[in-house]
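Here the structure comes first, spelled out in C-alpha cells, and everything after it is commentary.
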Amino acid sequence: MRARVYIDGFNLYYRALKGTTNKWLDIDALADAVMPDDADIDVINYYVARISGRIDPDAPARQNAYLRAIATLSRVSITYGNFQVSKKWAGLVQPPEFRPALMLPPGTTSDVAYVYKTEEKGSDVNLGAHLIRDAAMGRFDIAGVLTNDTDLCEPIRIVTEEFGLPVLLLTPSSKPATSL
C-alpha cells in the first residue's frame, strides 16, 4: 500500500518533545513504527519554520543541526513556513501583584502587558495543501498526518470524504483535539 506521512514539526515539538530529553527524534523510524505494516512509505513530509533567536539565542543553531540531520534521511522532504516575532499588547490571565511606580494609581493593577509574540506561519497551510494535492494526484493509498492542529480538519475531511482515501491521525498529544 503506497503511503505518505505529513508531520507538523512545531506541533510535534511543542506537544511531545519540549521539556523532555528526547529532542533528536528519528522521524524516519517513527513513521515506520506508526503506519500499518503493509504501508510502503515513499515520502515523509516535514513542515516547519526556522525559529527566531530573540528569546533563546542558541535555539536556531540547535534547530538547524536537527534539520540538517533529518535532511540526510532519504525519504524526508522539508517544507518551510515562516516564523514571526512581533510586539503586541496582550491580556494577562493573572495580573501582577505589584504596582509599577508612577504608572498606576494605588490599589490597581494592569490587566495587559506589551509582550513578544512568536508565531509559526504557513506550515499548517503547506501541509494541508500538499495533503490534498497528493490525494488529487493519486500519490498515496493511505496518509499519516502527525498533528493536533485543528486547522487541518478541513484538508483531512476533503481527503477522506471527497477523495475516499484513509488518513491515519498520528496525534502527538495524549488528549487529541476532538474535532480531529
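Side notes on the structure shown:
- Residue selected from the stretch 147-162 under the condition at pLDDT 95 or above and surrounded by 19 or more Cβ atoms within 10 Å (Cβ to Cβ), by the criterion farthest from the chain's Cα centre (by Cα): V159
- Residues that are out of contact with any helix residue (DSSP H, G or I) (no Cβ under 9 Å at 6 or more places or on another chain) and surrounded by fewer than 13 Cβ atoms within 10 Å (Cβ to Cβ), drawn from the stretch 15-35: K18, G19, T20, T21, A29, A33
- Subset tally (residues that are surrounded by 14 or more Cβ atoms within 10 Å (Cβ to Cβ) and in a strand (DSSP E or B)) for the stretch 120-146: 6
- When residues of the stretch 70-84 are limited to those that are surrounded by 13 or more Cβ atoms within 10 Å (Cβ to Cβ) and outside any strand (DSSP E or B), the one modelled with the highest pLDDT: R75
- Scan of the stretch 1-29 for residues that are over 24 Å from A136 (Cα atoms), part of a helix (DSSP H, G or I) and not hydroxyl-bearing (S, T, Y), ordered by number: F10, N11, L12, R15, A16, L17, I27, D28, A29
- Looking across the stretch 1-57, just one residue is among the hydroxyl-bearing types (S, T, Y), modelled with pLDDT under 95 and touching a strand residue (DSSP E or B) at 6+ places or on another chain (Cβ under 6 Å), and that is S52.
The values are calculated or read from the model by the stated rules, or taken from the named source; none is laboratory data. Because the structure is a prediction, the values reported are computed rather than measured. Neighbour counts are summed over all protein chains in view; Cβ atoms, including those assigned to glycine, are modelled from backbone coordinates with ideal geometry.
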